[in-house]
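The structure under discussion appears below in the form of structure tokens.
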Amino acid sequence: MRDVVTNSPAETEAEGERLGGLLRQGDLLLLKGDLGAGKTTFVRGVARGAGSSAHVASPTFQLVRVYPGRLQLAHVDLYRVEAGGQLADLGLDELLDQGAVVVEWGDRLEAAEATLLSIEHLGGDRRRLRVERELGR
Ligand SMILES: Nc1ncnc2c1ncn2[C@@H]1O[C@H](COP(=O)(O)OP(=O)(O)OP(=O)(O)O)[C@@H](O)[C@H]1O
Ligand SMILES: [Mg+2]
């Protein structure tokens, strides 16, 4: 998926699921997009693709949630995190040792070794998902 337009939450989830199926331990996926763009919806699919049956909700009041599965997926939301401070406490390296990590508002994280995916509101239920930067393997 380089660039795709979805027309429903289910379609966005399906794209997430496809990507989730490709993830491996150590992969870092950063999600960028405005409030309500569909980041959490996408993560719901990613978790399923990673083999988790966990309930995926917005972790806004919880910095990190961990979903066990074929591959452990850590779900991070940086919406309320100020640059610097809590970021250091995130334990990102350890989470990447244990599995893959997906980060909402991930553009706030300066990480070189990451895939960056943007979700753009196109009006109504249309969203554009675009891979802005791909982690080279
Ligand atoms: N094509 C679509 N893809 C994803 N979500 C869609 C789509 N069409 C409509 N929606 C709706 O948009 C909303 C997306 O909410 P979601 O919580 O996933 O966004 P978010 O980017 O995580 O928001 P936040 O910035 O608050 O974390 C949901 O209510 C969902 O039903
Ligand atoms: Mg969200």
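The values are calculated or read from the model by the stated rules, or taken from the named source; none is laboratory data. This is a predicted model, so every value here is computed, not measured. Don't worry about glycine lacking a Cβ; one is built from the backbone with ideal geometry, like all the others, and counts go over all protein chains shown.
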| remark: Within segment 1-51, residues within 16 Å of ligand 2 (Cβ to nearest atom), within 9 Å of the chain's Cα centre (by Cα) and either more than 23 Å from residue 99 (Cα to Cα) or touching a residue at least 40 places away in the same chain (Cβ under 8 Å) (or both) come out as 29, 30, 31, 32, 39, 40, 42, 43, 46
| field | Qualifying position, being buried (at least 16 other Cβ atoms within 10 Å of the Cβ), modelled with pLDDT under 90 and in contact with a Ser or Thr (Cβ under 8 Å, 6 or more places away or on another chain), among 90, 129, 135 | value | 135
| task | Filter segment 93-102 for residues that are assigned to a strand (DSSP E or B) and either surrounded by fewer than 22 Cβ atoms within 10 Å (Cβ to Cβ) or of a type outside the set (A, V, I, L, M) (or both) and give the result. | result | 99
| request: Could you run through segment 38-62 and say how many residues are small (Gly, Ala, Ser), within 7 Å of ligand 1 (Cβ to nearest atom) and surrounded by fewer than 21 Cβ atoms within 10 Å (Cβ to Cβ)? | output: 1
| remark: In segment 103-126, anything buried (at least 18 other Cβ atoms within 10 Å of the Cβ), more than 13 Å from residue 26 (Cβ to Cβ) and not small (Gly, Ala, Ser) is listed as 103, 104, 105, 109, 116, 117, 119
| task | Return the residue satisfying two criteria in turn: it lies in segment 20-34 and is in a loop (DSSP other than H, G, I, E, B) and within 16 Å of ligand 1 (Cβ to nearest atom), and of such residues it is surrounded by the fewest Cβ atoms within 10 Å (Cβ to Cβ). | result | 34
| query | For segment 63-83, does any single residue satisfy the condition of being within 12 Å of the chain's Cα centre (by Cα), assigned to a loop (DSSP other than H, G, I, E, B) and away from ligand 1 (no atom under 11 Å from the Cβ)? | reply | no
| field | Filter result for the condition that a residue is closer than 17 Å to residue 15 by Cα, part of a loop (DSSP other than H, G, I, E, B) and either in contact with a Leu (Cβ under 6 Å, 6 or more places away or on another chain) or hydrophobic (A, V, I, L, M, F, W, C) (or both), over 112, 37 | value | 37
